[in-house]
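The next block holds one structure in the form of structure tokens; read it before the comments.
Every read-out reported here was derived from the displayed coordinates using simple, explicitly stated rules and does not represent laboratory data. Given the structure is predicted, the values throughout are model-derived calculations rather than measurements. Here the Cβ is made from the backbone with ideal geometry for all residues, glycine too, and neighbour counts use every protein chain on show.
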Amino acid sequence: MTYGIGNTSLVRAKKLEDYFNIDELYLKLEGENPTGTHKDRLAIQHVDDALIRGYETITVGSCGNYGVAMSFVANKTELDCKIFIPKKYTSNEIDRIKSYGAEIFRVEGGYEESVDESRRMAEKKGWYDANPGKKNTPISLIAYTEISKEIQEELGSSPKTVSVAVGNGTTIAGLHLGFRLLWRKKRAEDIPKMLAGSSMGNNAIVETIRRNSKDILEMDPDSLDETEVNEPLLNWRALDGQEAINAIYDTGGTAIGLSDEEIIHYKELLEKENISLIPCSSSALGATHKYLQDYETDGVHVVVITSGVKDV
């Protein structure tokens, strides 16, 4: 099953190359996936696994994109889909989830509480738990290794850096695993430096790197400052955070926090390349730019735009 998922475009961003004085900059446009984000890759991986193992129902906790992706893919099969969403969350994504036939449960608290409730009900009801972290980490990371393979095949060589926006850390950990597997198979000469972009002061991965810790840290949930711009990036307990931290340290990369104003700024720069995207996705470009201000800008650099699509 593919349902049009994957094999997204890798486009050169010549205007941004000139603006940042970078040799070669490419954008991986994950908004070309059917529901508009990279989360479709994760959803299809778990739906396939659920079907193989004989489950009838699949569940996740979500604030939007993953819930949409899961309900879309489940709708293509015979799986019932249950999505747990914070009560306080209001978005058009809820209507999209309903349009794919999923059942929605509203949960007190935030994203983490929705994941916890989804997991609790999965265990109680015998549903397939497709939430990030814990026992699902291996299969979740495999879903995103495909992005690495596509980048390597398109370029014909390894980029110097690869950046992506982070919340739980699943995507950057999967990208790292993908390039490491290619390197082990001698299909890649190097493993790129992994760069994470997120919301300043509102993400456990960024905070862990800021404190020079090699063990993922948890933040005080009450310390997070949620806005419409940064909401998808907020995370006080990154569910695949340790894997993300390992990826960053293994490659000599970093995690960089950006203000809402900076996120909007990088979104506007991407729009000059005729790229439409959800604002939070632009934090990946911010991570690349800020990192390269302190290092040589020669070579090839790739920014994974998790919701990006080229306007025609």
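Structure notes:
- Peptides 34-47, 61-74 ordered by average Cβ neighbours within 10 Å, highest first: 61-74, 34-47
- Reduced Cα scattering model of the chain, Debye log10 I(q)/I(0), q = 0.07, 0.09, 0.11 Å⁻¹: -0.24, -0.40, -0.61
- Cα convex hull volume per residue for the range 203-259 (Å³): 80 Å³
- Length gained on full extension, K134 to E154, computed as 0.36 nm times the residue gap minus the Cα-Cα distance: 4.0 nm.
- Built amide H within the under 5 Å cut-off of I275, gap 5+: D311
- Peptides 157-168, 218-229, 104-115, ordered by how many other C-beta atoms sit within 10 Å of their residues on average, highest first, read 157-168, 104-115, 218-229.
- Dividing the helix sum by the residues of the chain, where each DSSP H run of 4 or more adds -39500 (n - 2.57), gives a mean residue ellipticity at 222 nm of -13000 deg cm²/dmol.
- Computed from point charges on the beta carbon alone (+1 for Lys and Arg, -1 for Asp and Glu), the dipole magnitude for the chain about its Cα centre is near 860 Debye.
- If the segment from K214 to Q293 were pulled out straight at 0.36 nm per residue, it would be longer than the present Cα-Cα gap by 26.0 nm.
- Calculated from backbone phi, Karplus (6.51, -1.76, 1.60) coupling profile of the range 21-36 in Hz, x at Gly/Pro: 6, 10, 4, 9, 10, 10, 10, 9, 9, 6, x, 6, 5, x, 9, x
- A Förster distance of 25 Å, applied to the separation of the beta-carbon atoms of R106 and E56, puts the FRET efficiency at 0.60.
- Rounded to the nearest 20 debye, the dipole size of the range 39-134 about its Cα centre is 100 debye, using +1 on the Cβ of Lys and Arg and -1 on the Cβ of Asp and Glu.
- Here the range 170-187 and the range 71-149 have alpha carbon centers that stand 25 Å from each other.
- Taking N as the residue count of the range 127-260, its C-alpha radius of gyration divided by 2.2 N^0.38 Å amounts to 1.04.
- Hydrodynamic radius by Kirkwood, which averages 1/r over all alpha carbon pairs of the range 24-175, in angstrom: 15.9 Å
- Evaluated at q = 0.20 Å⁻¹, a Debye calculation over the C-alpha positions of the range 1-99 (equal weights, vacuum) places log10 I(q)/I(0) at -0.93.
- In a fully extended conformation the segment linking L10 and E271 would gain 92.4 nm over its present Cα-Cα distance, using 0.36 nm per residue.
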